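Every number in this text was worked out from the coordinates using simple rules, so none of it is lab data. These figures come from a predicted structure and were not determined experimentally. Every residue, glycine among them, receives a Cβ derived from its backbone with ideal geometry; neighbour counts consider all protein chains shown.
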Amino acid sequence: MSLFEWKRIAVLPEASIKEALTVLDKEALQIVLVVDKSGVLHGTLTDGDVRRALLRGATLMDSVSEAMNTQPTTGLLGQSETAWKRKLIEKSIRHLPIVDQNKCIVGLFYDKKEVIKRLNPVVLMLGGLGTRLRPLTESVPKPMLRVGDKPILETILTHIAEQGFVHFYFCINYLGEQIRHYFGDGSRWGVHIEYVEEHDRMGTAGALSLLPEKPQTPFIVMNGDLLTKVNLGALLDFHLEHNNIATACVREYAQQVPYGVVDVDGARVTQLVEKPVYRYFVNAGIYALSPEAMDKVPEEAFYDMPTLIEEVLSERGNVGAFPITEYWMDIGQMPDFEQAQVDYEVHFQKRKNS
């Protein structure tokens, strides 16, 4: 435990949620302090606060006050470190803003917990042809294309392993031997990798029927062409908390109409909105599934994850939406690949050197 310099994780109350997320990502301390120019603490913000706000309809451009916790637990300057530790334990929290009698922030007391080992399997779908990235993928499978100084898949594996996950299934097809040769059994990364070979194209979920055994705990399924810093532990916690059969990660997507939109009722104009922006949640290609979801997957047949989700919904099973606030990039086309090269240094290389 140690006292952290609060200014590195502080934003003003008028800052946007997006600006706060930038600070959250940069410092990787899982909390942002909302502090006015006088130093008075107005609230705190975590990933969970942001996700709940997005599900309520907030956008990343809204004020941080729309998402922050306005009544955070705090410690008082002058109290002993033992008293601060006791408050962390009593409230089951990791971070304790320390304030003076005027509620002005003086520091952050926090618990540096060890990474929890997670036995939940992670299934990575790696069999795609990567057609839209040709000619790069004519002799190299898309997950093995290099972004920064390593293959996309190595960055994915490293990030997930650092979160405590140790058991991986690699579902391979097109040029899959290159993946098997490079990663082996995973011991180089401190994990265990098993390979599932698709002899035919099986969609984004069909290969689940080829797993050597049915998972006994909730597990992760993820497309193998995603560069992301999503917190998969938080995804699993969310999945269990809501008693979901399936949970899909979602991203906010904004689309602006380049014209004035006219609402009409018969021959009457009821409203004219100039160049409105419509916001949606789109599928991010990352899922948490409970073991019973496996019962939907047909044996050795083409089957997509959206079909699985639709089947669960048709039976009125719980399907959750987990908003991703962290960096996320689907490397599907050449512009995405080029942008990922730029993003890598910002989001992954700096983390390595910090």
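Data overview
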read-out	value
³J(HN,Hα), Karplus 6.51/-1.76/1.60, whole Hz, each residue of segment 299-313, x for Gly, Pro	6, 6, 9, 5, 7, 9, 4, x, 5, 4, 4, 4, 5, 4, 5
Gained length - ALA58 relative to THR131, 0.36 nm times residue gap less alpha-carbon distance	22.6 nm
Kirkwood hydrodynamic radius of segment 203-251, Cα pairs, Å	12.5
Residue list for segment 1-41, given a label point 7 angstrom along the Cα-to-Cβ vector of GLN71 and an amide N cut-off under 19 Å	34, 41
Those GluC sites (Glu not before Pro) in segment 40-121 that DSSP places in a loop and that have at most 15 other beta carbons within 10 Å	GLU114
For LYS103, LYS229, order by how many other beta-carbon atoms lie within 10 Å, fewest first	LYS103, LYS229
Restricting segment 118-219 to trypsin sites (Lys or Arg not before Pro) in coil, as DSSP defines it, with at most 15 other Cβ within 10 Å	ARG201
Separation of the ALA321 and THR22 label points, Cα + 7 Å toward Cβ, nm	2.7
Theoretical gain in end-to-end length, GLU194 to ASP111 [0.36 nm per residue, Cα-Cα removed]	26.4 nm
DSSP-defined antiparallel bridges as percent of all bridges, segment 122-353, nearest 5	55
Dipole magnitude (debye, nearest 20) for the chain, charges at Cβ of Lys, Arg, Asp, Glu	1160
Stokes-Einstein D (µm²/s) once Rh is taken as the Kirkwood radius of segment 207-354 over alpha-carbon pairs, at 4 °C in 1.567 mPa s	71
Label-zone membership for segment 7-45, site ASN102, 7 angstrom Cα→C-beta point, backbone N under 11 Å	38-40
Binned Cα-Cα distances of the chain, short to long, each 20 Å bin given as a whole percent	26, 53, 21, 1
Nearest-20 debye value, segment 2-110 charge dipole, Cβ charges on Lys, Arg, Asp, Glu	280
Most to least packed among 16-22, 262-268 [average Cβ atoms within 10 Å]	16-22, 262-268
In Hz, Karplus ³J(HN,Hα) per residue of segment 184-193 (6.51, -1.76, 1.60; θ = phi - 60°; x = Gly, Pro)	x, 8, x, 4, 4, 9, x, 10, 10, 10
